[in-house]
Amino acid sequence: NGLSDPGAVYNGRRESDDTLRLAMAVGEILSRSGYDVDYTRTGNINQSVIQKAQLANDTDADLFISIHRNMSEVPGSYHGVQSLVYDLSGQKLTMAEAINKNLEGVGFRNINVEARPDLAVLRRTKMPAILVEVGFIDNEKDNDFFDENMSRTADAIADGIVQTFAELEKQTAGEEM
């Protein structure tokens with residue numbers, strides 16, 4: 001998303017702007033927590049979903065998170081957060097559920113975690129991948145909540161990632177004993 005593809009647009013509000021702000025905030029929190037963070041974009045550039053997946057694969061990352069805003073056919077008819085994964089198994093599912101639960105704790109409605117094997121960024125990445133839909137851009141209440149709770153939202157996503165990695169580390173350490 002970026003210049004020629006801003007993603008969803010509603011009343012002049014661009015998904016690419018919202019998600020870049022949020023992704024940078026999440027990345028900053030993860031960096032401060034000691035994680036190495038790579039971005040597929042740090043500004044408004046033209047980039048396909050296949051290019052995003054390839055960039056992720058080139059980094060040898062342990063996780064790929066794609067942040068989005070949802071949109072419905074009838075503006076204002078839906079609200080809440082949803083996470084999408086290739087299939088409902090493994091680390092990606094555990095992490096998606098943790099992120100959704102944390103976002104629910106911030107005050108978003110938790111729609112669900114859903115398998116979407118047809119999405120290129122989930123299908124083409126070689127590491128666990130999650131696409132997080134953070135509210136509906138065509139719902140004014142979700143937009144107001146998104147704007148008023150940007151910091152808490154970023155914390156919730158980052159905490160879901162950190163918590164899941166910590167839990168997996170404990171399980172791995174326990175298995176080695």
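The values are calculated or read from the model by the stated rules, or taken from the named source; none is laboratory data. The structure presented is a predicted model; accordingly, all values stated were derived computationally and were not measured. We place every Cβ from the backbone using ideal geometry, glycine too, and count neighbours over all the protein chains shown. These accessible areas exclude ligands, DNA and RNA; they are computed on the full protein's heavy atoms, side chains included. Shrake-Rupley method; radii C 1.70, N 1.55, O 1.52, S 1.80 Å.
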Checklist entry - In a shell of Cβ-Cβ distance under 14 Å around Asp138, excluding Asp138 itself, what net charge do Lys and Arg (+1) and Asp and Glu (-1) give? => result -3
Checklist outcome for this item: Looks like the range 1-157, by Cα gyration tensor root eigenvalues a ≥ b ≥ c and the a/c under 1.5 rounded cutoff (else prolate when a/b is bigger than b/c, oblate otherwise), is rounded
Item to check | Neighbourhood net charge (14 Å Cβ-Cβ; Lys/Arg +1, Asp/Glu -1) for Asn100 | outcome: -2
Checklist entry - Residues of the range 1-129: accessible area per residue at 1.4 Å, in Å²? => result 52 Å²
Item to check | In sequence order, calculated HN-Hα J values of the range 166-175 (Karplus, 6.51, -1.76, 1.60; Hz; x Gly/Pro) | outcome: 5, 5, 5, 5, 4, 5, 5, 5, x, 5
Item to check | Carbon plus sulfur fraction of accessible area for the chain, probe 1.4 Å, in percent | outcome: 48 percent
Checklist outcome for this item: Whole-Å distance linking the alpha carbon centroid of the range 40-85 with that of the range 124-149 is 9 Å
